[in-house]
Amino acid sequence: MQFHLKLPSRFGSLPLWIALAVFAALAFTVQDSAQKMITYDAPGAGTGALQGTEAPGINPAGAITGFYWDDLSVAHGFVRDPWGKVTTFDAPGAGSKTVPGFYAAAVGMGGQGTYSIAINLAGAVAGTYIDKDNVMHGFLRNPDGRFTAIDVPGAGSGYGQGTEADNINSTGTIAGNYVDVSNVWHSFVRDPDGRITNFNIRGAGTGAGQGTIVEWAQCLNDVGMITGNYVDASGVNHGYVRAADGSVTKFDVQGAGTGVGQGTWSWSINREGAVTAEYVDADNVSHGYVRAIDGKINKFDVLGAGTGAGQGTIGENINSAGVIAGDYIDAVGAAHGLVRDPWGNITKFDVQSAGTSSGQGTIPFTNNSSGTITGAYIDKDNVLHGFVRWAQPGLNW
């Protein structure tokens with residue numbers, strides 16, 4: 001998973017970003033006319049290639065959480081308040097060594113340390129730390145800075161195994177994953193009292209790298225619905241929605257490929273139960289989609305998205321208004337931001353300092369209920385930086 005997620009995997013480490021243009025509807029596209037951007041770097045962020053700042057989580061008030069890699073590629077967490085003040089932190093027990101290749105499926109680079117992923121309205125943060133033995137542990141950081149470690153029974157204790165906490169809602173419920181001793185993925189929900197419920201989607205594979213996955217930051221809504229994907233025994237991905245009562249609906253987008261690393265992903269669910277993400281077709285091209293609570297699926301591609309393997313269109317997050325923040329990978333492999341409104345109109349944007357070569361560009365992660373977007377951009381030197389894109393005044397997208 002998360003190890004299948006976000007920014008780095010689509011830039012070369014995993015063949016996960018693909019889908020079918022022949023079935024996808026081209027939405028009306030416009031170019032962003034005003035930047036409305038703030039860019040920033042967390043204090044202590046490294047300035048070497050594949051170092052810097054990444055910010056996946058935003059709450060309704062505009063507070064952001066994320067992590068940065070220092071000049072040794074060790075990770076540290078941070079919270080950026082709505083006025084721009086950044087507080088950095090390390091989870092107790094987090095390791096402090098560079099481990100090349102570890103966590104690579106999640107973030108594309110190495111390093112022990114603290115990975116802060118999601119933040120709720122109260123300012124509580126969920127994330128993962130990697131200890132000195134390269135084992136993952138989930139954590140809850142309360143608004144007052146107190147930490148609670150989260151280790152799910154059944155999680156392995158070997159290299160690259162353990163527990164990760166990836167989502168937190170307004171009630172303090174947390175959703176995440178754990179990797180067992182056989183390197184199989186399983187998911188869990190932790191209620192505010194600390195009780196943990198494990199779950200697996202029927203049809204998920206039981207081999208190494210297979211199983212059930214909850215993705216980052218916005219895959220748990222305030223009414224307890226969870227979305228994610230599962231990898232079957234053939235290495236194909238499928239989407240699911242899990243209701244608060246534990247009932248599960250599985251789905252595949254028509255046109256999704258059926259080969260290893262292909263299929264349907266689900267990156268985000270809003271309060272109404274709509275989800276967005278991408279599906280990867282038989283040619284390993286990505287296409288965006290939105291699935292309504294009634295199961296109706298609308299597919300979309302952005303004009304300018306590449307049509308080669310590892311290129312295409314991705315819906316990253318959907319807010320309560322039905323507005324999608326995402327990105328598209330062009331024909332040279334550079335990423336660009338997009339906003340899709342509920343009527344299918346698409347606005348494209350780029351951070352001014354973003355690089356334009358393969359593996360560089362602008363990558364939105366999450367948009368909140370006000371339409372503010374948090375994300376990262378990769379500059380011409382392959383260094384990561386955080387950005388905030390504010391919504392148009394008077395609009396909620």
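The values are calculated or read from the model by the stated rules, or taken from the named source; none is laboratory data. Every value quoted in this text rests on a predicted model; they were computed, and no experiment measured them. Methodologically, a virtual Cβ is constructed for each residue, glycine included, from the backbone with ideal geometry; neighbour enumeration extends over all protein chains shown.
Only one of the listed residues (S170, S182) is out of contact with any strand residue (DSSP E or B) (no Cβ under 6 Å at 6 or more places or on another chain), within 19 Å of T366 (Cβ to Cβ), modelled with pLDDT of 95 or more and among the hydroxyl-bearing types (S, T, Y). That residue is S170. Do you know which residues across segment 67-94 are free of Cβ contacts under 8 Å to residues at least 24 places away in the same chain and of a type in the set (A, V, I, L, M, F, W, C)? Residue satisfying the conditions is W83 alone. The single condition among (1) polar (S, T, N, Q); (2) closer than 19 Å to K36 by Cα; (3) modelled with pLDDT of 95 or more; (4) part of a loop (DSSP other than H, G, I, E, B) that S358 does not meet is (2). Restricting A277, A243, A256 to residues that are in contact with a Gly (Cβ under 6 Å, 6 or more places away or on another chain), over 23 Å from S370 (Cβ atoms) and not charged (D, E, K, R) narrows the list to A256.
I'd like to check which strands (runs of 3 or more DSSP E) are fully inside segment 246-307 and have at least 1 residues that are loosely packed, with under 14 Cβ neighbours inside 10 Å, acidic (D, E) and on the phi < 0 side of the Ramachandran plot. Passing ranges: none, list empty. Does any residue of segment 246-266 turn out to be charged (D, E, K, R) and within 24 Å of F139 (Cα to Cα)? For segment 246-266, residues charged (D, E, K, R) and within 24 Å of F139 (Cα to Cα): absent. The set of residues in segment 202-245 that are surrounded by fewer than 22 Cβ atoms within 10 Å (Cβ to Cβ) and charged (D, E, K, R) comprises R202, D222, D232, D245.
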